[in-house]
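Q: Got a structure for you, written out below as structure tokens; questions coming shortly.
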Amino acid sequence: MNPTTVVRVAVNAPLRKAFDYLPPRTGPAPSAGARIRVPFGRAHKIGLIIEVGAISELPQSRLRHAERVLDPQPVIDDTLLRLLVWSAEYYAHPVGEVCAAALPGLLRKGRSPDAAEVAYRATTDGLAIDLDGMARRAPRQAELLAILKQGPALVSDPRLQALQAGWRDAFRRLAERGLAESWSQAVTPVSPPSLVAHPGPVLMDDQRVAVDAIVAALPGYQAILLHGATGSGKTEVYLSAIESVVAAGRQALVLVPEIGLTPQLVQRFGSRFDFPLAVLHSGMTDTERLTAWRDARSGRAPVVIGTRSAVFAPLQHCGLVIVDEEHDPSLKQQEGFRYSARDLAVVRARLSSVPVVLGSATPSLETLQNARSGRYLSLPLPERPGAARHPELKVIDLRRVPNRDGVSPPLLAAMERHLQADGQVMLFLNRRGYAPVLFCTECGWIAGCARCDARMTLHQGSARLRCHHCGSESQPPASCPDCDSELKPVGQGTERIEETLKGFFPQQRIARIDRDATRSRGSLDDILADMRAGRTRILVGTQMLTKGHDFPGVTLVGVLNADQGLFGTDFRSDERLAQTILQVAGRAGRADRPGEVMIQTAYPEHALLQDLISGGYDAFADAALGERKAAGWPPFSHLALIRAEAHQAGQAMSFLQSCQEWAESLAAPAIRILGPAPAPMERRSGRYRAQLLLQSTNRGPLHQLLRELLAKIDKSRTARSVRWSLDVDPVELF
């Protein structure tokens, strides 16, 4: 290789650039997408080569040689590498941290990207030794060596496993004596059969039209909105389209918003197809994640299913990308590298020249506007299969009926009616714990968090006060600390609703789904299994209930407090509430029995609720998009949010005021600078928080401003006194 060749390396460090090195003096030639070990300051790090043959700004005399190329062949292909570099530029995030996010932890530590099994064999000296004499002195070593004399044995060899765990110690002693040795043996992937194990149900006309449209787009790029009502059979459309993709020898990537959805989707796919599936999510061990990554990269797994980080899964032959529940905010990473998996899925599909399907019953307004403007193809699924019908939505006016511990008499009567008809009931309240406030009836004292501008939530079962923002907890006081009077829990959480329902329905089995009730491993799966089997009759839960679960026996859904989202400070509050109501309402009436949805509210005339009841999500979206356009909010503009927090009051605001001044000196007229302002909850986890919002109708000037502004921030001493972050296309204004 030409000694003047420059290798550009992305190193996992919070620095907004790649680093130039000279090639290693020996070993394999570097190639883009391969890992490489480099000297980095006084340390040594493993980075990813993003360019070979670069022209360095530094003279050759100042460049250090890389130490060693770890991969003779790239571990990241050209398309995925382009996605990573694009992501770093778009989200203005250090490219080394972006590349690190795409690699399993064990690969970042130097583990081989190729699947391998460890094999063991006797050396020449081992083959010549007398086993009878060894058997008297070291029987375990002799027993193992006798096996190895018959020929090499893999670690998975039943003969080794029969020796139990002690054989590894015996092998170590044999190796120390030079009588045995081990080595890694590459595993050759077995091509899976492209066969459907079980035929799916006969598709309805709308489903067939959707599948045909997706298949017709192959192999070119096309963004597709699959706008299917809850229970309309979106998953069957995915399965049928994937069947065609796999039959053509290509792979499909399926993204879901939550880990909790992954097992049921894997089960659904596994019952349909007889080939391996690769599953990727944050709940896996490092070894499990590397194994799935290898299966995806080798092509052994034709289908990869995972949460947001799976958007970076290596696919040997990408043929289709699917994002289920594309509206879900969980698809946006909120810490570190703040990317949208949905948006990157679209970019990846475009770079790979394959279709991308965005599925939802309640699409985000950004996706819906893209479909209405013609950028995305819209495929509607308005009806449910078979005799299933959409549930009827009714409003209960809490101003006119008494509220009995969170459940109104009309809702209780409806529950009794549905339970007697052998139906199941689901109640939704997006507030966990027993009561959100512990209150003194005499002096007005309220249990507050010492570290946040928030109230402590009472958890009756564990007898704890907990802050749901920073995690602080304490024991509830026996009486008011100010006046020694009695304390009273005010308001309802899911724990209190469960207690109330047990009093009204003592003969019915009741379960609760929230973060507290599902902490233990497997508890969520057990609760869901009991609900699907009909053993549980009433299910109470938080936002977790809206995540795509299918309960055929549910005929009544109650939304206990719709008012929580009607007057939020975030401009997306109304969109989130509409999506939540319709998603949880969609759990009702999925089989052949009609469903009913009852929404408790003190504001029944609110325009959002009226739009949902009279015209469904489309009517709400029409009104919401009109309001967004008039106000200049996304999808009719683009946002970037700079957040800052500090231990001392005023430090975050001072830093952001400097950012505002720099931005004003750099900004084009088309960019609005809003703030800085304290966060809606200014103090959280002992830190004072503030934010600065940048808004533009054009992405180009906004990203140019961000590049210039970040250059100033990185050189600023003020920035070192605060913890700050940049969020491009934020989904939450904290």
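Q: Which of the residues belonging to the stretch 141-166 are modelled with pLDDT under 85, surrounded by 11 or more Cβ atoms within 10 Å (Cβ to Cβ) and over 23 Å from Ala115 (Cα atoms)?
A: Answer for the stretch 141-166, where residues must be modelled with pLDDT under 85, surrounded by 11 or more Cβ atoms within 10 Å (Cβ to Cβ) and over 23 Å from Ala115 (Cα atoms): Leu163, Gly166.
Q: Quick check on this structure: which one of Leu411, Leu419, Leu393, Leu427 is modelled with pLDDT under 90, not hydroxyl-bearing (Ser, Thr, Tyr) and not in a loop (DSSP other than H, G, I, E, B)? Reasoning before the result, please.
A: Details: Leu411 fails: modelled with pLDDT under 90; Leu419 fails: modelled with pLDDT under 90; Leu427 fails: modelled with pLDDT under 90.
It is Leu393.
Q: In addition: Considering only the stretch 44-57, how many residues are modelled with pLDDT of 90 or more and either outside any strand (DSSP E or B) or more than 14 Å from Thr5 (Cβ to Cβ) (or both)?
A: So in the stretch 44-57, the residues modelled with pLDDT of 90 or more come out as 44-52.
Then drop every residue that is not either outside any strand (DSSP E or B) or more than 14 Å from Thr5 (Cβ to Cβ) (or both), which leaves 44-48, 50.
Of the residues in the stretch 44-57, 6 are modelled with pLDDT of 90 or more and either outside any strand (DSSP E or B) or more than 14 Å from Thr5 (Cβ to Cβ) (or both).
Q: Only one of (1) in a helix (DSSP H, G or I); (2) farther than 19 Å from Ala292 by Cβ is not met by Leu80, so which one is it?
A: (2)
Q: A further question follows. Could you check the stretch 327-346 and list, in sequence order, the residues that are over 11 Å from the mean Cα position of the chain (by Cα) and either within 14 Å of Ser364 (Cα to Cα) or of a type in the set (D, E, K, R) (or both)?
A: Start the filter on the stretch 327-346 by keeping residues that are over 11 Å from the mean Cα position of the chain (by Cα), which leaves 327, 335-338, 343-346.
Matches in the stretch 327-346: His327, Glu335, Arg338, Asp343.
Q: So, of the residues in the stretch 457-482 that are of a type in the set (A, V, I, L, M, F, W, C) and in contact with a Ser or Thr (Cβ under 8 Å, 6 or more places away or on another chain), which turns out to be surrounded by the fewest Cβ atoms within 10 Å (Cβ to Cβ)? Break it down stepwise before answering.
A: Going residue by residue through the stretch 457-482, those that are of a type in the set (A, V, I, L, M, F, W, C) are 458, 463, 465, 467, 470, 478, 480.
Those left that are additionally in contact with a Ser or Thr (Cβ under 8 Å, 6 or more places away or on another chain): 465, 467, 470.
On the way: Leu465: 21, Cys467: 21, Cys470: 17.
Among them, the one singled out is Cys470.
Q: How many residues does the stretch 18-43 contain that are assigned to a loop (DSSP other than H, G, I, E, B) and exposed (fewer than 13 other Cβ atoms within 10 Å of the Cβ)?
A: Counting residues in the stretch 18-43 that are assigned to a loop (DSSP other than H, G, I, E, B) and exposed (fewer than 13 other Cβ atoms within 10 Å of the Cβ) gives 4.
Q: Test Leu666 against the stated conditions and say whether it is among the aliphatic types (A, V, I, L, M) and either at pLDDT 95 or above or under 30 Å from the mean Cα position of the chain (by Cα) (or both).
A: no
Q: Considering every residue within the stretch 662-675, establish whether at least one is touching a Cys at 6+ places or on another chain (Cβ under 9 Å), outside the structural domain of Pro329 (by TED's automatic domain parsing), not acidic (Asp, Glu) and not in a strand (DSSP E or B).
A: No, the stretch 662-675 has no match at all.
Q: Also, quick follow-up: Quick check: anything in the stretch 441-450 closer than 16 Å to Pro489 by Cα, part of a loop (DSSP other than H, G, I, E, B) and among the polar types (S, T, N, Q)?
A: The answer is yes, given that some residue of the stretch 441-450 is closer than 16 Å to Pro489 by Cα, part of a loop (DSSP other than H, G, I, E, B) and among the polar types (S, T, N, Q).
Q: Of everything in the stretch 706-734, what is over 27 Å from the mean Cα position of the chain (by Cα) and buried (at least 21 other Cβ atoms within 10 Å of the Cβ)? Give them in sequence order.
A: Narrowing the stretch 706-734 to residues over 27 Å from the mean Cα position of the chain (by Cα): 707-722.
Correct list: Leu709, Val722.
Q: State all residues of the stretch 16-52 that are over 25 Å from Pro314 (Cβ atoms) and aliphatic (A, V, I, L, M); if no residue qualifies, say none.
A: Hits for the stretch 16-52 are Leu22, Ala43.
Q: Within the bounds of the stretch 589-606, is there any residue that is under 16 Å from Gly541 (Cα atoms) and in a helix (DSSP H, G or I)?
A: Let us first name the residues in the stretch 589-606 that are under 16 Å from Gly541 (Cα atoms), namely 597-600.
In the following step, the residues that additionally are in a helix (DSSP H, G or I) were identified as none.
Checked the stretch 589-606: no residue is under 16 Å from Gly541 (Cα atoms) and in a helix (DSSP H, G or I).
Q: Could you look through the stretch 220-232, keep only residues that are in contact with a helix residue (DSSP H, G or I) (Cβ under 9 Å, 6 or more places away or on another chain) and under 18 Å from Val321 (Cα atoms), and pick out the one that is modelled with the lowest pLDDT? It would help to see each step written out before you state the result.
A: Taking the stretch 220-232 and keeping what is in contact with a helix residue (DSSP H, G or I) (Cβ under 9 Å, 6 or more places away or on another chain), we get 221-230, 232.
Remaining after also requiring under 18 Å from Val321 (Cα atoms): 221-228.
Working: Tyr221: 96, Gln222: 97, Ala223: 97, Ile224: 98, Leu225: 98, Leu226: 97, His227: 94, Gly228: 86.
Residue satisfying both the conditions and the ranking: Gly228.
Q: Then there is this: In this structure, does Phe567 turn out to be touching a residue at least 60 places away in the same chain (Cβ under 8 Å), in contact with a helix residue (DSSP H, G or I) (Cβ under 9 Å, 6 or more places away or on another chain), surrounded by fewer than 20 Cβ atoms within 10 Å (Cβ to Cβ) and not polar (S, T, N, Q)?
A: Taking the combined requirement at face value, the residue does not satisfy it.
Q: Continuing with the same structure: Scanning the stretch 483-542 for residues that are farther than 20 Å from Tyr434 by Cα, charged (D, E, K, R) and at pLDDT 90 or above, which turns out surrounded by the fewest Cβ atoms within 10 Å (Cβ to Cβ)?
A: Arg535
Q: A follow-up question, please. In the stretch 621-641, what count of residues is obtained for those that are touching a residue at least 40 places away in the same chain (Cβ under 8 Å), loosely packed, with under 13 Cβ neighbours inside 10 Å and either in contact with a Gly (Cβ under 8 Å, 6 or more places away or on another chain) or not aliphatic (A, V, I, L, M) (or both)?
A: 1
Q: Restricting attention to the stretch 243-260, which residues are of a type in the set (A, V, I, L, M), buried (at least 21 other Cβ atoms within 10 Å of the Cβ) and within 21 Å of Asp343 (Cα to Cα)? Before the answer, list the steps.
A: The first filter runs over the stretch 243-260 and keeps only residues of a type in the set (A, V, I, L, M), leaving 245-248, 252-256, 259.
Cutting the leftovers down to buried (at least 21 other Cβ atoms within 10 Å of the Cβ) gives us 245-246, 252-256.
Hits for the stretch 243-260 are Ala252, Leu253, Val254, Leu255, Val256.
Yes or no, residue by residue, for (1) farther than 29 Å from Met544 by Cβ; (2) assigned to a helix (DSSP H, G or I):
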| residue | (1), (2) |
| --- | --- |
| Ala210 | no, yes |
| Ala213 | yes, yes |
| Pro219 | yes, no |
| Ser240 | no, yes |
| Val254 | no, no |
| Gln267 | no, yes |
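Q: What about Ala223, is it buried (at least 17 other Cβ atoms within 10 Å of the Cβ) and either touching a residue at least 40 places away in the same chain (Cβ under 8 Å) or in contact with a strand residue (DSSP E or B) (Cβ under 6 Å, 6 or more places away or on another chain) (or both)?
A: Details: buried (at least 17 other Cβ atoms within 10 Å of the Cβ): yes; either touching a residue at least 40 places away in the same chain (Cβ under 8 Å) or in contact with a strand residue (DSSP E or B) (Cβ under 6 Å, 6 or more places away or on another chain) (or both): yes.
Yes.
Q: Report, by residue number, each residue of the stretch 395-439 that is within 30 Å of Leu487 (Cβ to Cβ) and among the small types (Gly, Ala, Ser).
A: If the condition is that a residue be within 30 Å of Leu487 (Cβ to Cβ) and among the small types (Gly, Ala, Ser), then Gly406, Ser408, Gly433, Ala435 are the ones that fit.
Q: What tally of residues in the stretch 290-340 results from selecting those that are farther than 21 Å from Ala640 by Cβ, of a type in the set (D, E, K, R) and assigned to a loop (DSSP other than H, G, I, E, B)?
A: 4
The values are calculated or read from the model by the stated rules, or taken from the named source; none is laboratory data. Everything quoted here is computed from the prediction, not taken from an experiment. Note that each Cβ is placed from the backbone with ideal geometry, even for glycine, and that neighbours are counted across all protein chains shown.
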